[in-house]
1. So, how do all the Cα-to-Cα distances of segment 423-534 break down into 5 Å bins, in percent, from 0 on up?
2. Taking the highest mean first, how do the peptides 470-478, 413-421, 431-439 order by number of other beta carbon atoms within 10 angstrom per residue?
3. What ratio of Cα Rg to 2.2 N^0.38 Å holds for segment 284-428?
4. Using Cα pairs under 8 angstrom and six or more residues apart, how large is the relative contact order of segment 350-587, in percent?
5. Could you tell me which of 535, 434, 452 has its Cα farthest along the dipole of segment 350-587 towards the positive end, charges placed at Cβ (Lys, Arg +1; Asp, Glu -1), taken about the Cα centre?
6. May I have the extent of the alpha carbons of segment 693-932 along their three principal axes, as whole Å values ordered from largest to smallest?
7. Taking 7 Å along the Cα-to-C-beta vector as the label spot, tell me the residue 379-residue 649 distance in nanometres, rounded to one decimal.
8. What is the Cα centroid distance between segment 587-637 and segment 686-729, reported in whole angstrom?
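Since every read-out is calculated from the coordinates, none of them should be taken as a lab result. What you see is a predicted model; the values in this text were computed from it and never measured. Note that each Cβ is placed from the backbone with ideal geometry, even for glycine, and that neighbours are counted across all protein chains shown.
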Amino acid sequence: MRLFAFLLLLFSIASHAAPPSEPILRPNLTLHSAPIIRIDIDAQERFAVTASDDKTVRVWQLPALTLERVLRPPIGEGNEGKLYAVAISPDGQQVATGGWSKDNDIYLFNRATGKLLTRLTGLPNVIAHLAFSADGQYLAVALVAGGIRVYQLTTPSPQLIAEDNDYGANSYWVEFDPTGRLLSSCWDGYLRLYDTDYHLRHKQAITGGKEPISARFSPDGQRIAVGFNDSTAVTVVSGRDLSLIHSVDTAGIYNGDLNKTAWSSDGQTLYAGGLYQSQGQYPFIQWQQGGTGKRQIVSIDVFDTLTDLRSLSDNRLLVGSADPALVLLDKKGKSLARQDNELADFRDIGTQFRVAPDGLQVGFAYKYGGVSPSAFSLRDFTLSETVSKTLKAPNTDSKSLNIENWFNQTNPTLNGKALSLREYERSRSLAIAPNAQHFLLGTSWYLRYFDAQGEQIWAKSAPSITWGVNITDNGLAVAAFADGTIRWYRLSDGKELLAFFPHADKKRWVVWTPQGYYAASAGGESLVGWHVNKGADQEADFFEMGQFREKYYRPELITTLSKTLDIEKALAQTPEKQKPIEKTLEQSLPPVVELLYPNTGDSFRETDLEIHYRIRSTTADTPTAVIAYIDGIKTDTSLANELNSEHQQTIKLPPHDVTLSLLASNKNGKSLPASVSLKWSGETRQDLLKPDLYVLVVGVNQYQDTNLTSLRFADNDANAFAQAIQAQEGKLYKKVNVKLLINPLRDEITQGLTWIETQTTSRDTAIIFLSGHGIKDTNGRYYFLPQNAQLTDLKTTGITRNDIRDTLSTTAGKRILFLDSCHAGQVMSNKGIKAGDVNQLSNELADAENGIVVFTASTGRQTSVEIEELGHGVFTKAILDGLQGLADYDGDRKISLSELDMYITQRVKKLSDGTQTPIMVKPEAVPNFFIAQP
């Protein structure tokens, strides 16, 4: 990844305008969805901050690398809002960030609340680097062009107190030493050292390369380690006068660069990394004795450029990469914590990027070089590890179109004639149309469509590098991007129609239109959402797709659109859910809750805790309710709901660690939960009784309606699950109460739902296990089918999704649903019966307001596999094995939700030969609790 060449293009572009007010669709992952560019850490090493090309800053709690919050400056389309710099104040209270914006802004945020405190504007060029002084009183800025600036952080607004414009090229680094001296690097080949009054004292040309990037003071300020953009050299100079001390041994390291450097906390070890790669990975190199001693190459399972290195106490090291990945290492290079890439890696995807002739199915690969191939169908929303041979690879060879230098080159040609690209723009992928009259070129920044003479018909700004392109027989361009998305465009004019994001876990996915209509797997609705600017001087709001489910969840529309190539025509052809959308999305936004106090990580020693919160709304709609949840369980506390006022109220908490969440609603929908994790520091209670467990188990094999195919093992699955869960009595649970229903009538199931709802208390846990047929009616509504279900009268003979949701959402305590109702498969579809949409049901149940953990046997309309030799469905078999102890990965003799999910995923994949994908969906506010003891 070469960020710096790209930045050269940006500094000449300037336009003073307010950020767009229309909502902007953006990825929403735990880790960034684009390269991590910079890292910083507060003085006490409580927090790390990362800035990214994805236009966000993320705040991480150390040492666990737990995401605390996402900071969202105002952004626009294209490059507007990409962040290249971030710094956190030594006390951890403020975060400064900047990058590319129309007014070259620097934003200062309150870390704890996410509020944008102030904006420094009017700088002449792109912000490349930021640094706080050790006392937190000053902020230094490196500009891509135009030198450096220093601000004093006075109240109410920072003041510019120093600047140096006499720079011969671009500057990408500023850094303070412990005494307040300031250091900078510049591509004119010089380092500059300023005194504490910011007078230039030393300016020294540096040997090793012409383009120095990082320039890092050793902990005592006596040495400076320099890495270069144009060389694998690393140079150590004096922290007093910039004179050369020594060149570091990099003999034999020829590829890439080592442009990022860092010192260990004791100053004895020097680190460097960057574009240097070895055996397909991007390691860093460390030298003992301050850079003069033994050299060691340290691999850390990172597969793209190392973008920043930050040292911590005890010689620990925090590493960020372009994957993206974020890894905290101990002094021996062992991983202590990490956040890994959540994107499918389409680099060098080549012939694995395949499409069906009609564009309704796409083949791709999750890993670099086309490894781990998979396919996704827009017909039935299934994700499969089997890629059909009918899918076509991109055509890159034609007798009439001799296209050369198109792979990773800046000078592609057609029949010897240069194709017009921007300076530094690199061609990455090619697809020639079936009639050889047109071709697609995917580049670093654009998707370009040319005719046979090399004249450009259209060009569309790419969300990131275009690693793969393809063309369908029916007029679609399909492209795979570095942001992990695959997008469909209308070939005639380049209009984007659809975008698909497959999560790297190979289970979750979401597909959407630019208008916001979408389909998603269980757990997939949170992967994308709407960024809503509130002006240039305020932080933006963010709303997940699932908050608009009622209006915008339209899977049938997605399929139809891929055929009509026009959203209006597609809407006209899907009348079963045609509810006119009278308001625009920005006119119908739900409220936003801000939990101002306490903060994540705070402790409490009294069960009565005063909380501070505020409710905002971009509309005039008054919140109808504000509800507090503890560990995902609704409380009875009455909370004030007036808009735009800071409320202070007391809430009662249990005497143990908790996740506290607030949720507000108005007529447009529910807010995202404002959640904090709190630690109990009071006296440990030894007298707390074990909870009871209430379990409703339903297995339906036989059906009275002859149109419904009988199942083989739903009864076996139910019986075995009931026995396994009954064995938990006396372990995690004081008493286990099981109601087992085999081939029940509808009334028996509804009575069972009433039983579990009325018996479970707030201290207990409730589990519902359903195995049988699940289908949907002509209006897309889900039904679980009892023995006496009649397809001609589902409303009165089936168990609706509302029956399941209403029971679980009003049941007290912790609640879990195991749902294995995707047996319909090909047999039932041949009779015109479609499998029920477990994705929609699962996402509804796992909403924060419901707080239900859902395990589904499969995703989309996959078939649940039953195996004769096992006597079970593979989903239930995996559950049983996991509960017996195979899911106890950490050996603590307890099975947590995450452990069971991990085991079920791996086991089902193996037993089904990759044709079935189980998913667990857990609300954010529900902690990872223990479910069983082997």
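1. In order of increasing distance, the bins hold 2, 12, 21, 22, 17, 13, 8, 4, 1, 0 percent.
2. Details: 470-478: 21.2, 413-421: 14.4, 431-439: 17.9.
Sorting 470-478, 413-421, 431-439 by mean packing, highest first, produces 470-478, 431-439, 413-421.
3. Working: Rg = 21.4 Å, N = 145, 2.2 N^0.38 = 14.6 Å.
It is 1.47.
4. Values: 510 pairs, mean separation 26.4, N = 238.
Worked out over segment 350-587, it gives 11 percent.
5. Looking along the dipole axis, the top candidate is 434.
6. On the principal axes, segment 693-932 reaches 49, 40, 30 Å in Cα extent.
7. Result: 5.2 nm between the two label points.
8. 37
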